[in-house]
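Here's the structure we're looking at; comments come further down.
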Amino acid sequence: MSEAVVAKAVRRLQEAVERGSAYEGLQSAKSVYHRCRSRRQYEASYNLAQQGAQVLLTHGDITAGVELAKMLTEAYVSDNVPAGSEATQRLLSILDAAQRFASSQPPAADLSQPGPIDAACQQLAVAGIKWARGQEGGSQEAQRLHTRMGELIWSCRGWHGLAAAAEHYTRGADLTAYAAVLAACIQESGAQTEEESWFLLRAVLYILLASKPNARALKANAAAATDVGLSRAASLLKAYREMTGQELPSSPPIHLCLLLFEVIQHQDGKLAEYICTTYEAWLSSDMELQQAFSAVAASYLLSRQATSGGGLLGDLMQMLGNG
């Protein structure tokens with residue numbers, strides 16, 4: 001019976017949107033939604049919110065569509081819905097509808113800033129990710145949402161939105177998709193070998209930060225605590241190499257990246273000293289890179305003494321107790 005109610009409500013919403021009365025249709029759908037909730041027809045309420053949001057987003061009613069979609073995430077939290085594939089798929093389907101509409105529109109005049117579609121969907125994705133992370137075993141579903149949001153931003157803004165997309169790709173489940181985006185950005189920008197290497201080093205640092213271990217786990221078992229971040233970072237480089245069909249560039253950023261893996265894996269003070277003498281002046285030319293590198297060191301290396309100052313890689317040495 002509830003399925004028929006949902007189908008009827010969605011059909012009425014579709015008809016209202018097509019005759020230019022999206023607001024009227026939204027209010028009608030919300031009334032049915034709340035009626036389902038009051039009758040404890042929770043699955044029906046989820047399906048109505050999902051399908052209604054898809055109808056609205058497909059027709060470009062972004063604000064109304066995201067309003068219904070956020071009602072879905074709020075219901076998930078309120079009902080303590082487990083973060084399973086079916087529940088996540090509802091949210092992914094909504095993001096799919098938004099992307100289909102975005103793909104049908106001409107590019108925005110200023111792609112350096114979020115457009116109305118990706119900005120609104122960002123709110124939905126963040127709400128969905130927060131719900132998933134709050135559920136036992138929900139990290140995998142959160143990763144799926146991160147990947148999908150990264151894809152949507154990339155679809156809307158291309159390489160202009162790389163930084164915003166990377167916020168999600170670095171936390172996502174599909175590092176092959178991220179490698180493809182990096183390869184496309186590098187190709188489109190015409191980057192030379194050194195610029196390509198900087199792209200990759202930044203990507204690796206941000207993946208490490210997105211997977212950083214907590215301090216207690218690091219102290220208890222550094223090898224186990226750092227394995228996830230190191231594995232994901234290495235997987236990205238492998239996927240990029242396979243994507244391009246070429247070996248990684250032989251360049252200072254890539255050499256530093258690989259040495260950093262060794263320092264983290266073995267908590268190696270002597271190797272850290274080598275990095276200090278070889279790369280500190282080179283890294284000091286990029287403040288953003290310095291900050292990311294310093295944050296990785298603080299997150300992944302066992303600290304034997306607190307430190308502030310002494311240079312980026314001087315901090316690295318002090319965190320390792322000077323070998």
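What follows is calculated from the coordinates using simple rules that are stated; it is not laboratory data. Every value quoted in this text rests on a predicted model; they were computed, and no experiment measured them. For neighbour counting, all protein chains shown are included, and Cβ atoms are generated from backbone atoms with ideal geometry for every residue, glycine included.
So here's what we get for this one:
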| item | result |
| --- | --- |
| Stretch gain in nm, segment Glu288-Arg40, where the contour uses 0.36 nm per residue and the Cα spacing is subtracted | 84.2 nm |
| Net length gained if the chain between Gln140 and Gln27 were fully extended (0.36 nm per residue, minus Cα distance) | 37.3 nm |
| Estimated [θ] at 222 nm from DSSP helical runs (n ≥ 4, -39500 (n - 2.57)) normalised by residues in the chain, nearest 500 | -25000 deg cm²/dmol |
| FRET efficiency for Arg12 and Glu188, using Cβ-Cβ distance with R0 set to 51 Å, rounded to 0.05 | 0.70 |
| Of the trypsin sites (Lys or Arg not before Pro) in the stretch 1-71, those whose Cβ has at most 14 other Cβ within 10 Å and which sit in DSSP loop | Arg19, Arg39, Arg40 |
| Paramagnetic label zone (point 7 Å from Cα along Cα-to-C-beta, Asp79; backbone N under 20 Å) in the stretch 44-61 | 44-56 |
| FRET efficiency estimate (nearest 0.05) - Cβ-Cβ, Thr176 to Ser250, R0 22 angstrom | 0.40 |
| The chain: most fluctuating residue of Tyr42, Tyr178, Tyr206 per GNM, C-alpha cutoff 10 Å | Tyr42 |
| Nearby lysines by direct alpha-carbon distance to Lys130 (threshold 23 angstrom, same-chain neighbours under 8 apart not counted) | Lys70, Lys212 |
| Within the stretch 219-308, GluC sites (Glu not before Pro) in DSSP loop having at most 16 other beta-carbon neighbours inside 10 Å | Glu247 |
| Net charge, Thr170 excluded, C-beta distance under 13 Å - Lys, Arg +1, Asp, Glu -1 | +2 |
| Modelled FRET efficiency - R0 35 Å, Lys238 with Ala217, Cβ distances, 0.05 increments | 0.90 |
